[in-house]
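Remarks on the structure that follows.
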């Protein structure tokens, strides 16, 4: 949108001043960025923090009765696999499909997206599983929407995370080499009967799924890119702690049936989801200045991954995953 050239008045709420400072930027600095957003010139805007997020600090800006979400990212987020151009393409695609919030534009200099604050609530446990069909429908709609420019090759991503952490003085935990060998076995099994890559979200935490009474929104497309279709399904399952019955529903809703091949590929991508999440946290220990215990988080997710590969069914999963889906 074209700028009017005027400068709006942006008022960060005083009692949240300390929260704003945790972005690594003074409150007036955040407000100054908001003041430069094209289309908001000459308009009063109120700024307040939005809870949640461990990579970015999130805020709500109220302008002319509408509320928008902005994000101020942490340092060197490109090392986490975030490409702002890829994110914008995916978020705008999701908005056009009606599964993601409308996109207003970019925050100047920072290049993070400004998206509408849509109504809804987060769910967990049984409440989340009760709406799992709606969630899968949104994922499938995104997967079928055509190629994206960016890619998220998960087997390479874990390797890149190990490399980037090491070059910044953080050695990957001992579990990395053990799990890397299993990653190679999974990649080899899938390659026997490859499937076309699809546009994937790649970060389906419950916090990135918002429920209203009659719709579901997918949020935060920072890691979006072309990937195996089963990664989103496995990522969703392991992050939401889905029951076995819910996993069957996910596969039945997405594919129309549940075969041993479907089941195996879902379980193996749960392994890759935990491996990637753990190595993401290892990079965070090397680069983040936030007060989050990323080392503990990495240990937790890598331990979970090792438990999955230690299951007696793991070899059977590898064998079944090497078969064609049809």
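Annotations for the structure displayed:
Matching residues to (1) more than 26 Å from residue 197 (Cβ to Cβ); (2) touching a helix residue (DSSP H, G or I) at 6+ places or on another chain (Cβ under 9 Å); (3) at pLDDT 95 or above:
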| residue | (1), (2), (3) |
| --- | --- |
| 257 | no, yes, yes |
| 261 | no, yes, yes |
| 267 | no, yes, yes |
| 274 | no, yes, yes |
| 277 | no, yes, yes |
| 289 | yes, no, no |
| 298 | yes, yes, yes |
| 318 | no, yes, yes |
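- One residue stands out in the stretch 217-275 among those that are free of Cβ contacts under 8 Å to residues at least 24 places away in the same chain and not in a helix (DSSP H, G or I): the one that is nearest to residue 80 (Cα to Cα), namely 220.
- Selection within the stretch 64-82 - crowded, with 19+ Cβ neighbours inside 10 Å and modelled with pLDDT of 85 or more: 68, 69, 70, 71
- Any chance residue 302 is in a helix (DSSP H, G or I), modelled with pLDDT of 95 or more and within 25 Å of residue 122 (Cα to Cα): no
- Going through (1) touching a residue at least 60 places away in the same chain (Cβ under 8 Å); (2) closer than 21 Å to residue 300 by Cβ; (3) in a helix (DSSP H, G or I) one by one, residue 172 falls short only on (3).
- Failed item, numbered, when residue 219 is tested on (1) more than 30 Å from residue 103 (Cβ to Cβ); (2) in the same structural domain as residue 196 (by TED's automatic domain parsing): (1)
- Leading residue by the ranking (nearest to residue 87 (Cα to Cα)) among those in the stretch 177-216 that are surrounded by 24 or more Cβ atoms within 10 Å (Cβ to Cβ) and touching a strand residue (DSSP E or B) at 6+ places or on another chain (Cβ under 7 Å): 201
- Of all the criteria given as (1) farther than 30 Å from residue 284 by Cα; (2) at pLDDT 70 or above, the one not satisfied by residue 2 is (2).
- Output for the stretch 291-309, where each listed residue is surrounded by fewer than 16 Cβ atoms within 10 Å (Cβ to Cβ) and farther than 14 Å from residue 180 by Cα: 291, 292, 293, 295, 296, 300, 307
- All positions within the stretch 178-211 that are assigned to a loop (DSSP other than H, G, I, E, B) and within 20 Å of the chain's Cα centre (by Cα): 197, 201, 202, 203, 204, 205
The values are calculated or read from the model by the stated rules, or taken from the named source; none is laboratory data. Remember, predicted model here, so these are calculated numbers, not experimental data. Positions of Cβ are generated from backbone atoms using ideal geometry, with glycine treated the same way; all protein chains shown enter the neighbour counts.
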